[in-house]
Amino acid sequence: MAQAVIRYIALGDSYTIGTGAKEEQAWPVLLTKHLKENKVNIELAANPARNGFTTLDLIDNELPVLDKLKPTFVTLLIGVNDWVRGTDAVAFQKNLIFILDHIQKALPDKSRLVLITIPDFGVTPTGANYSSGRDISKGISEFNTIIKAEAVKRSLKTVDLFETSKAMKTNSDLVAEDGLHPSAKEYAIWETLIYPVVHDLLGSK
């Protein structure tokens, strides 16, 4: 009996849509291709992520896409723009819980949701321009602690990009021309971290 096609939706912001690289170089596209090559029957049904999106933008614009397309697998990488715009940790957590509750209610298998932590954009050449005088690394770490804690509560898998992203500080090849977003090379590195976790969840070992 043929394996049913896994309908994948990637939720998030610029990091998920692949700002700074070509559309086909975004990690959800690379991930889908990689999984297919390893006999996981999956299709990227939608990537409604957009540059600048916050948790509230995701709720308003991306969850309706999820409801319409009824995915069977979801990745979530959100929060950097909440921090940039001054959303506090309590509000971020509240919005995140709402998003996670909504996604899990929509999924036939509630475990088929992978959470991805926020990269440390503060190490990029222009990252400091968005700090408003705050400690970027500390602030993003606080949000990532919330993401990981919510994942633990729900027994969901996570992929931590925070430490890996710090390599953008010393390797300009990993940063896009805008001096802020990852380059195609960095997105490809992220995919190598995300892939084994997703394959373990969805595919045969």
Proximal aspartates and glutamates relative to Lys110, as straight alpha-carbon distance under 13 Å, when same-chain residues fewer than 8 apart are discounted: Asp101
Computed log₁₀ I(q)/I(0) - Debye formula, equal Cα scatterers, no solvent, the chain, q 0.08, 0.10, 0.13, 0.17 Å⁻¹: -0.24, -0.38, -0.66, -1.16
Within the chain, percent of DSSP bridges classed antiparallel, to nearest 5: 5
Spatial separation of Cα centroids for the range 104-162 and the range 1-59, in angstrom: 17
Placed amide H near Ser183: partners under 5 Å, 5+ positions off or other chain: Val175, Ala176
Among the listed pairs Lys36/Lys105; Lys70/Lys166; Lys153/Lys185, those beyond 30 Å (Cα-Cα): Lys70/Lys166; Lys153/Lys185
Farthest toward positive dipole pole in the chain [+1 Lys/Arg, -1 Asp/Glu at C-beta], among Met168, Val84, Asn144: Asn144
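For an R0 of 41 angstrom, estimate the FRET efficiency from the Cβ-Cβ distance between Lys22 and Lys157 and round to the nearest 0.05. Walk me through the numbers on the way to the answer.
Details: r = 28 Å, r/R0 = 0.68.
My answer for the efficiency is 0.90.
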Kyte-Doolittle mean at least -1.0, axial Cα span of 20 Å or more - DSSP H helices of the chain: 89-106, 136-153, 184-202
Dipole in debye (nearest 20) - the chain, about Cα centre, beta carbon charges: Lys, Arg +1; Asp, Glu -1: 640
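Every number here is computed from the coordinates shown, using simple stated rules; none is lab data. Remember, it's a predicted structure, so these values are computed and weren't measured experimentally. Neighbour counts run over all protein chains shown; Cβ positions are idealised from the backbone, glycine included.
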